[in-house]
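Novice: Got a structure for you, questions after.
The values are calculated or read from the model by the stated rules, or taken from the named source; none is laboratory data. Here the structure is a predicted model, which means the values were calculated and not measured. In this analysis, Cβ positions are derived from the backbone assuming ideal geometry, glycine residues included, and neighbour counts consider all displayed protein chains. Heavy atoms of the whole protein, side chains included, go into the accessibility calculation; ligands, DNA and RNA do not. Shrake-Rupley method; radii C 1.70, N 1.55, O 1.52, S 1.80 Å.
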Amino acid sequence: MASIRKEVHIAARSQTAWAALRDVGALHTRLVPGFVTDTRLEEGVRIVTFGNGMVARELIVDVDDEQQRVVWSVVGGVMTHHNGSAQVFADDNDGCRFVWIADLLPNEVAPNIAAMMEQGIAVIKETLERTERQRAA
């Protein structure tokens, strides 16, 4: 099983990052605009359309306000197993850490998913830092 972990420091309050992450139906507007172009919620599943045209059905497993963590699982498609999580951690420098983990099978899809996650986490950083600057202005 491939396990992919991406982590980035974000110059934004953890509250700002968590508010965007926990809004599971607004990935395309609040967290990763452009990387994700549309998000629709349907009975506990979100349908995510990525900028590259890929569409994923994601079962929302948990939204944990105390741990500031969202867990989801891609269902259907080429992956035989997928578990994803993203979590926000406050740090001491008026910012936060954003950690995104994906465990998946088959291993052969890992390089493409890792590349997408690398692109996605860069957009998350840019979006949340812009949101924080606008809030402070």
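Results for (1) more than 24 Å from residue 135 (Cα to Cα); (2) touching an Asp or Glu at 6+ places or on another chain (Cβ under 6 Å), shown as yes or no for each residue.
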| position | (1), (2) |
| --- | --- |
| 16 | no, yes |
| 21 | no, no |
| 47 | yes, no |
| 60 | yes, no |
| 100 | yes, no |
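Novice: Restricted to region 50-86, and to residues that are under 15 Å from residue 20 (Cβ atoms) and either touching a Cys at 6+ places or on another chain (Cβ under 9 Å) or outside any strand (DSSP E or B) (or both), which residue is most open to solvent (accessible area, probe 1.4 Å)?
Specialist: Of everything passing the filter in region 50-86, 65 is most open to solvent (accessible area, probe 1.4 Å).
Novice: Kindly list, by first and then second residue, each pair from a residue in region 23-44 that is on the phi < 0 side of the Ramachandran plot and assigned to a strand (DSSP E or B) to a residue that is buried (at least 17 other Cβ atoms within 10 Å of the Cβ) and charged (D, E, K, R), limited to pairs with Cβ atoms under 9 Å and residues at least 6 apart or on different chains.
Specialist: 39/46; 40/46
Novice: If you don't mind, another one. Return yes or no: is residue 30 of a type in the set (Lys, Arg), within 12 Å of the chain's Cα centre (by Cα) and closer than 21 Å to residue 9 by Cα?
Specialist: Yes.
Every residue, every condition in (1) open to solvent by 50 Å² or more (accessible area, probe 1.4 Å); (2) outside any helix (DSSP H, G or I); (3) at positive phi; (4) small (Gly, Ala, Ser), yes or no:
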| position | (1), (2), (3), (4) |
| --- | --- |
| 15 | yes, no, no, no |
| 88 | no, yes, no, no |
| 92 | yes, yes, no, no |
| 97 | yes, yes, no, no |
| 109 | no, no, no, no |
| 115 | yes, no, no, yes |
